[in-house]
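Accompanying notes for the structure given below.
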Amino acid sequence: MTAPLVSVIIPVYDGERSIRGCLHSVASQSYRRLEIIVVNDGSADATEDIVRELRDEDPRIELIVQDNRGVSAARNRGLAAASGEWVMFVDADDAFADPSLVEAVVSVGAGAELVTFGVCSEEVSDVADHGGAGGRRRVADAVSLLAQHAQDIELESRAVAEMILDERANALWDKAYRHSLIIEQRARFCEGIRMGEDLLFNLACLPGARRMRVLPIDGYLYRRGSAASATQRYLPDKFSDLMYVNEQLRAWARTTGSRRLIGAGEYIRAKNVFSCMRGLHHRDCELPAGQRLSAAREFRAKVPVVGTRGLKGRRRMLCLAYNLIGSRPMFHIARLTGALR
């Protein structure tokens with residue numbers, strides 16, 4: 001039986017410093033039947049030259065070039081070109097941390113629409129080459145052991161609500177998606193926003209998924225300090241983007257009728273407002289001090305209260321506190337918590 005093809009989609013913009021290492025980590029996977037789709041989103045540096053060079057060395061690499069339209073448009077372009085049975089996403093400044101990750105995904109994927117795995121954030125060197133029979137045998141043994149310890153999560157309302165609350169539903173890079181799930185659910189990335197598009201994509205996929213298989217492996221390297229990360233700088237449109245995404249989340253939750261999911265949307269709404277207030281204290285925020293406080297008041301006025309039904313424990317208490325605290329003390333609390341991060 002032919003091994004299933006796995007599509008790995010990598011959007012990149014001005015990634016000359018990281019794209020070589022990223023592609024090496026993917027191309028060095030023990031699982032060889034890959035199509036590696038790099039979407040160059042209008043880079044102005046040497047990114048395209050580097051990808052072309054690596055493509056000449058590895059025919060599994062496919063380069064798509066488009067004008068700069070943003071990461072969502074780049075991922076959608078990659079999805080349109082993908083033909084694999086499984087789809088995985090990698091950001092150009094990140095990498096696969098484990099050379100057996102894709103092989104483990106394929107090994108345990110039967111009967112599941114989603115496979116998820118762990119993430120690490122420490123700096124690591126390039127993925128080691130596992131060539132040779134001995135190295136290949138060790139990888140096979142490791143994959144077999146991982147398959148024995150994989151667990152299933154039934155994607156009912158309680159489990160999905162917890163994924164939203166702890167923000168596991170926000171990420172793409174810790175998951176592998178069965179391509180048929182994406183097609184059947186008509187899942188695409190929302191273009192025109194810079195934050196939260198990953199969550200909307202996952203919300204589109206989840207109704208068609210019965211279970212998610214969990215691999216006990218830290219398979220992905222997420223470089224948190226990347227200058228390209230939207231969480232590491234002040235974004236003027238962050239509040240409007242997050243409120244748009246949150247409205248979509250709340251509307252989706254209401255269609256399910258689940259109190260847990262509705263409560264999760266309310267908790268994330270409060271958390272988004274607080275995150276935007278903390279962003280006002282970033283060093284790269286150019287607003288004068290008075291305008292920062294005015295912006296915080298505007299955020300708070302647009303979300304005066306959040307619901308608490310369906311929430312328990314600490315999360316319910318946090319939403320109750322949100323409803324009681326005014327914009328000024330919340331603004332200063334956001335500054336203090338930002339300094340402690």
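Each value in this text was obtained by applying a stated rule to the coordinates, not by laboratory testing. Just so we're clear, the structure is a prediction, and the values are computed from it rather than from any experiment. FYI the Cβ positions are ideal-geometry reconstructions off the backbone, even for glycines, and counts take in every protein chain you see.
Efficiency by 1/(1 + (r/R0)^6): what FRET value for VAL305 and GLU167, r their Cβ-Cβ distance, R0 = 22 Å, to the nearest 0.05?
On the way: r = 22 Å, r/R0 = 1.01.
For R0 = 22 Å, the calculated efficiency reads 0.50.
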Summing -39500 (n - 2.57) over every DSSP H run of at least 4 residues in the chain and dividing by its residue count gives a helix-only mean residue ellipticity at 222 nm, to the nearest 500 deg cm²/dmol, of -15000 deg cm²/dmol
Neighbour-count ranking for THR255, THR2 (other C-beta within 10 angstrom, fewest to most) reads THR2, THR255
Rg/Rh over Cα atoms for the range 1-96, Kirkwood Rh, comes to 0.94
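If you restrict to DSSP beta bridges whose two residues both lie in the range 6-229, what percentage is antiparallel, to the nearest 5? List each step's numbers first, then the result.
Numbers: 12 of 35 bridges.
Given both bridge residues lie in the range 6-229, the antiparallel proportion sits at roughly 35 percent.
When only C-alpha pairs under 8 Å and at least 6 residues apart count, what is the relative contact order of the chain, in percent?
On the way: 592 pairs, mean separation 57.1, N = 341.
Contact order relative to length: 17 percent.
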Expressed in angstrom, Rg and Dmax over the Cα atoms of the range 199-323 are 16.8, 50
For HIS282 and GLU85, extending 7 Å from Cα along the Cα-Cβ vector and measuring point to point gives, in nm, a value of 4.2 nm
Placing each pseudo-label 7 Å from Cα in the direction of the beta carbon, GLU156 and ARG335 end up separated by a distance in nanometres of 4.8 nm
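Taking the range 163-271 on its own, what percent of its Cα-Cα pair distances exceed 23 Å? Don't skip to the answer; put the middle values down first.
On the way: 1925 of 5886 pairs.
Here the long-distance tail beyond 23 Å is 33 percent of all Cα pairs in the range 163-271.
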Taking R0 as 56 Å and r as the Cβ-Cβ distance between ARG314 and GLU57, the FRET efficiency 1/(1 + (r/R0)^6), rounded to the nearest 0.05, comes to 0.65
Expected max-MSF residue from CYS285, CYS190, CYS22 in the GNM of the chain (alpha carbon, under 10 Å) is CYS285
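Can you give the alpha-carbon Rg of the range 267-341 over 2.2 N^0.38 Å, where N counts its residues?
Values: Rg = 12.5 Å, N = 75, 2.2 N^0.38 = 11.3 Å.
Working it through for the range 267-341, the quotient is 1.10.
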Using the Cα gyration tensor of the chain, the equivalent ellipsoid's semi-axes, largest first and to the nearest Å, work out to 36, 24, 18
As a Kirkwood estimate from alpha-carbon pairs, the range 243-296 has a hydrodynamic radius in angstrom of 12.6 Å
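Note the full-extension length gain between LEU324 and CYS120 as 0.36 nm times their separation in residues minus their Cα-Cα distance, in nm to one decimal.
On the way: separation 204, 0.36 × 204 = 73.44 nm, distance 3.69 nm.
Computed gain between LEU324 and CYS120 is 69.7 nm.
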The Rg/Rh figure for the range 52-115, Cα atoms and Kirkwood Rh, to two decimals is 0.99
From fewest to most C-beta neighbours within 10 Å, the residues MET317, MET330 line up as MET317, MET330
A chain fully extended from LEU5 to ASN68 at 0.36 nm per residue, minus the present Cα-Cα distance, gains in nm 19.8 nm
Quick calc, the range 245-336, dipole around Cα centre from Cβ unit charges on Lys, Arg (+) and Asp, Glu (-), nearest 20 debye, gives 460 debye
